[in-house]
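Everything on this sheet refers to the single structure shown next.
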Amino acid sequence: MSKTDAAPNVEAEAPPSASFKEAFLFWLKLGFISFGGPAGQIAIMHQELVENRRWISERRFLHALNYCMLLPGPEAQQLATYIGWLMHRTAGGVVAGVLFVLPSLLILIVLSWLYIAFGNLPVVEGLFYGIKPAVTAIVLQAAYRIGSRALKNGVLWSIAAASFVAIFALNVPFPAIVALAALIGYAGGKVAPSKFAVGGGHAAAKQSFGKALIDDDTPTPSHALFRWTGLLKIILTGALLWIIPMGALTAWYGWDHTYTQMAWFFTKAALMTFGGAYAVLPYVYQGAVAHFSWLTPTQMIDGLALGETTPGPLIMVVAFVGFVGGYAKAILGPDHLFLAGAIAAALVTWFTFLPSFLFILAGGPLVESTHQDINFTAPLTAITAAVVGVILNLATFFGLHVLWPKGWMQGFDWIAALIALAAVVALLRFKRNVIHVIIACAIVGLLVRVLSWPQ
């Protein structure tokens, strides 16, 4: 039989069905293996869901991904929520999204406690001495990666440059930068739409892995069709899921209490995550470090390092911020430090990720009508350009604290600079895995500290 005769039979093969239990077990597994940041997590889902299991076609997968990349929040977690929702209704979406985050939360609570309890040990200090320059290099890589994709013309380059100057030199709040970029994008979409058109993203699928459960021509499931009643139900449920815990915190502890302020602050942060976690980290720094003093600049860098080495979205670094803040403030008294930190970590995770679920469950049925609308995409294109400047500011902030750890007048740490340079070369030139780079830098940092101990 010729290839042309065989191909239709391959396409006609029915894929295996996927029960709710089977999907549950997959999302649980994904929560423990989702290393490598959003690119790695999306690649894992593509291999498992499109190529191996054929639960969703290539075209439908990329269509969902394009929508998630336009939203604030972690796109990989939102993509898992979207596919889970498409397959098994609201329950499927909630399970997929929660299991994408839950293992990371539990791991980070334990690691945060170990960091606070044993972070002053020489061995731990040595490891973090090497990890911090690596984190600086990783943030630079993020700025390069997003910038190379997003800055397609001089207008977008100008927005990125202005964003950097605004936050670095003028200390303009991140939400103000996002709002201004959105206004520029909206106006630009009217005046010069070609400068703000979405391009260079995920193109239409050209490859087929066989017939999928949710294939290109599979009708939209009834639960995924737009209904005003369904939208109102999601909005009302989301409002209650936010109002009830926020109201309880305010009534029990008061508005100025650390728990209440964390809930409010990370609600705002959740709506600022255009461009991924690196984009919102400067805003988290402004609030958590500079304003509320929940943790120190050094602890912020260490928290990002822990977030890079654990599964789940990088924005899960907020769990570290919450734990350290709750623990250090001894919110529940000196005898319950771990409990105070764990509750804070769970709270900030709840308020950070709640909007992501609402965006998917409420917006999923509207994807087709908004995906190609320039009025919708142009502001987000401008925001993404501004995010590049914000991330570059974050890299500058980390670099200043890593290379001049004791301030400008105390000298330059040339060993940390060499580690950072080596990490940049490994990431950008040799395309090495982030986890491998962090481990290598940690070992180098430990060796440097070991050699310096006799002195």
For this session: Can you give me the number of residues within region 230-245 that are touching a residue at least 24 places away in the same chain (Cβ under 8 Å) and either among the aliphatic types (A, V, I, L, M) or touching a Lys or Arg at 6+ places or on another chain (Cβ under 8 Å) (or both)?
Result: 4
For this session: Evaluate the following for Ala385: is it in a helix (DSSP H, G or I), more than 24 Å from the chain's Cα centre (by Cα) and surrounded by 16 or more Cβ atoms within 10 Å (Cβ to Cβ)?
Result: no
For this session: Would you check if there is a residue in region 423-440 being under 30 Å from Val172 (Cβ atoms), part of a loop (DSSP other than H, G, I, E, B) and open to solvent by 30 Å² or more (accessible area, probe 1.4 Å)?
Result: no
For this session: Consider only pairs whose beta carbons are under 8 Å apart and that are at least six residues apart or on different chains; among these, list those whose first residue lies in region 44-55 and is touching a residue at least 40 places away in the same chain (Cβ under 8 Å) and β-branched (Val, Ile, Thr) and whose second residue is part of a helix (DSSP H, G or I) and open to solvent by 10 Å² or more (accessible area, probe 1.4 Å).
Result: Val50/Glu58
Exercise. What are the residues in region 406-417 that are in contact (Cβ under 8 Å) with a residue 60 or more places away in the chain and open to solvent by 10 Å² or more (accessible area, probe 1.4 Å), if any?
Worked result: Ala417
For this session: Might you check whether a residue that is at pLDDT 80 or above, of a type in the set (Ser, Thr, Tyr) and closer than 27 Å to Gly93 by Cβ occurs anywhere in region 367-380?
Result: no
Problem set entry | Cβ-Cβ under 8 Å pairs, at least 6 apart or on other chains, region 212-229 side assigned to a loop (DSSP other than H, G, I, E, B) and open to solvent by 40 Å² or more (accessible area, probe 1.4 Å), far side among the β-branched types (Val, Ile, Thr) and at pLDDT 85 or above | Leu213/Ile56
Exercise. Restricting attention to region 92-110, does a residue exist that is closer than 16 Å to Gly364 by Cβ, in a helix (DSSP H, G or I) and in contact with a Cys (Cβ under 8 Å, 6 or more places away or on another chain)?
Worked result: no
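So, in region 305-356, how many residues would count as being among the β-branched types (Val, Ile, Thr) and within 14 Å of Thr258 (Cβ to Cβ)? It would help to see each step written out before you state the result.
Narrowing region 305-356 to residues among the β-branched types (Val, Ile, Thr): 309-310, 315, 317-318, 321, 324, 331, 343, 348-349, 352.
This time we only want the ones that are within 14 Å of Thr258 (Cβ to Cβ), so: 321, 324, 331, 343, 348.
So the count comes out to 5.
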For this session: Confirm whether Ile301 is assigned to a helix (DSSP H, G or I), in contact (Cβ under 8 Å) with a residue 24 or more places away in the chain and surrounded by fewer than 24 Cβ atoms within 10 Å (Cβ to Cβ).
Result: yes
Problem set entry | Filter result for Ile167 (assigned to a helix (DSSP H, G or I), of a type in the set (A, V, I, L, M) and at pLDDT 85 or above) | yes
For this session: Could you check, for region 313-325, whether at least one of its residues is open to solvent by 20 Å² or more (accessible area, probe 1.4 Å) and in a loop (DSSP other than H, G, I, E, B)?
Result: no
Exercise. Is region 275-283 home to any residue that is of a type outside the set (Val, Ile, Thr), under 23 Å from Phe174 (Cβ atoms), touching a residue at least 40 places away in the same chain (Cβ under 8 Å) and assigned to a loop (DSSP other than H, G, I, E, B)?
Worked result: yes
Exercise. Does any residue of region 117-132 turn out to be surrounded by 24 or more Cβ atoms within 10 Å (Cβ to Cβ), in contact (Cβ under 8 Å) with a residue 12 or more places away in the chain, charged (D, E, K, R) and within 29 Å of Val324 (Cβ to Cβ)?
Worked result: yes
For this session: Check region 67-80 and report whether any residue there is aliphatic (A, V, I, L, M), without any contact (Cβ under 8 Å) to a residue 60 or more places away in the chain, crowded, with 24+ Cβ neighbours inside 10 Å and touching a Cys at 6+ places or on another chain (Cβ under 8 Å).
Result: yes
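Counting only residues that are assigned to a helix (DSSP H, G or I) and at pLDDT 85 or above, which one in region 396-405 is most open to solvent (accessible area, probe 1.4 Å)?
Here is the first cut: in region 396-405, the residues assigned to a helix (DSSP H, G or I) are 396-403.
If we keep only those that are at pLDDT 85 or above too, we end up with 396, 399-400, 402-403.
Working: Thr396: 40, Gly399: 11, Leu400: 58, Val402: 14, Leu403: 36 Å².
If we take residues in region 396-405 being assigned to a helix (DSSP H, G or I) and at pLDDT 85 or above, then Leu400 is most open to solvent (accessible area, probe 1.4 Å).
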Exercise. Of the residues that sit in region 140-154 and are modelled with pLDDT of 80 or more and under 17 Å from the mean Cα position of the chain (by Cα), which one is surrounded by the fewest Cβ atoms within 10 Å (Cβ to Cβ)?
Worked result: Tyr144
For this session: List every residue pair whose Cβ atoms sit under 9 Å apart, with the two residues 6 or more apart in sequence or on different chains, where the first one lies in region 430-455 and is within 23 Å of Pro311 (Cα to Cα) and the second, anywhere, is assigned to a loop (DSSP other than H, G, I, E, B) and modelled with pLDDT of 85 or more.
Result: Ala440/Arg432
Problem set entry | Any hit, region 246-255, residues being within 22 Å of Leu361 (Cα to Cα) and β-branched (Val, Ile, Thr) | no
Seminar exercise, completed: Taking region 258-288 and keeping only residues that are over 18 Å from Thr349 (Cβ atoms) and either open to solvent by 20 Å² or more (accessible area, probe 1.4 Å) or modelled with pLDDT of 90 or more (or both), one is left with Phe274, Gly275, Tyr278, Tyr285, Gln286
Problem set entry | Residue check, Phe357 within 25 Å of Glu75 (Cβ to Cβ), open to solvent by 20 Å² or more (accessible area, probe 1.4 Å) and either in a helix (DSSP H, G or I) or not aliphatic (A, V, I, L, M) (or both) | yes
For this session: Report whether or not Phe320 is more than 20 Å from the chain's Cα centre (by Cα), more than 20 Å from Leu241 (Cβ to Cβ) and aromatic (Phe, Trp, Tyr).
Result: no
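The values are calculated or read from the model by the stated rules, or taken from the named source; none is laboratory data. Every value quoted in this text rests on a predicted model; they were computed, and no experiment measured them. Virtual Cβ from ideal backbone geometry, glycine too; neighbours counted across all protein chains shown. To get the accessible areas, we keep the full protein, side chains included, count just its heavy atoms, and leave off ligands, DNA and RNA. Shrake-Rupley method; radii C 1.70, N 1.55, O 1.52, S 1.80 Å.
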